[in-house]
């Protein structure tokens with residue numbers, strides 16, 4: 001059973017606010033990812049990390065930033081939220097040994113008014 | 001051209017029938033292939049992985065890989081209404097060890 005947690009599950013916030021989406025995993029996985037998914041649409045990779053102090057931008061341009069100070073924690077921050085940021089944000093992790101089997105958190109549904 | 005392509009569906013199958021889902025990919029150097037199931041409003045969960053040509057069976061699921069033709073498929077035997085979901089094909093490309101997801105195929109199993 002995967003142990004990867006995201007908070008909050010739902011977030012409704014006004015334009016211009018700074019927000020941080022939390023993601024933590026207790027599996028000791030080195031690799032962590034943030035995906036963005038709109039309803040009925042495909043997953044888009046926006047950030048990933050292969051270990052502590054390692055962060056990279058994904059395939060989809062995003063105004064968000066991430067940090068990886070601890071192995072288990074990979075928060076995503078939006079400095080100034082806009083309605084275009086409304087989406088579902090999914091965090092995932094995988095074992096650095098390869099195979100790229102991703103374990104997903106339950107997601108954060110963000111609505112920016 | 002998308003790197004990983006799937007028919008968006010919906011694929012409607014009667015209960016008890018076989019659902020057949022296809023996925024093609026563009027990166028010939030891809031090594032790992034996965035099928036994820038995603039229920040509406042939920043996050044994806046891994047149901048199958050396959051790494052070499054041929055068939056791999058797990059319960060009612062069979063994954064088939066043909067690297068020469070660059071396609072991977074998923075068969076769901078004895079389909080149940082609980083199988084109604086979107087099935088995502090994911091491919092680990094040759095560079096970067098990042099998974100690329102297809103757009104998913106929505107499956108509807110009708111009682």
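Read-outs: derived from the displayed coordinates by stated rules, not from any lab. Remember, it's a predicted structure, so these values are computed and weren't measured experimentally. Counting neighbours? That spans all protein chains shown, and the Cβs are built from the backbone with ideal geometry, glycine included.
Some notes on this structure:
- Peptide B:100-106 - average C-beta neighbours from other chains (10 Å radius): 3
- For the residues of A:39-46, the average number of beta carbons from a partner chain within 10 Å of their own beta carbon is 5.
- The relative contact order of segment B:59-111, computed from alpha carbon pairs under 8 Å that lie at least 6 residues apart in sequence, is 30 percent.
- Kirkwood-Stokes translational diffusion coefficient of segment B:1-109, alpha-carbon pairs, 20 °C, 1.002 mPa s, µm²/s: 155
- For the protein assembly as shown, the spread of Cα positions along the three principal axes, ordered from largest to smallest, is 50, 37, 35 Å.
- In the elastic network of chain B, a GNM with C-alpha springs shorter than 10 Å, the most mobile of B:67, B:98, B:56 is B:98.
- Cα centroid separation - segment A:23-37 against segment B:31-80, whole Å: 22
- Mean projection area, nm², convex hull over Cα of segment A:15-113: 6.1
- Residue order for B:61, B:34, fewest other beta carbons within 10 angstrom first, comes to B:61, B:34.
- Fraction of the pair-distance distribution of segment B:1-46 above 13 Å, Cα-Cα pairs, percent: 71
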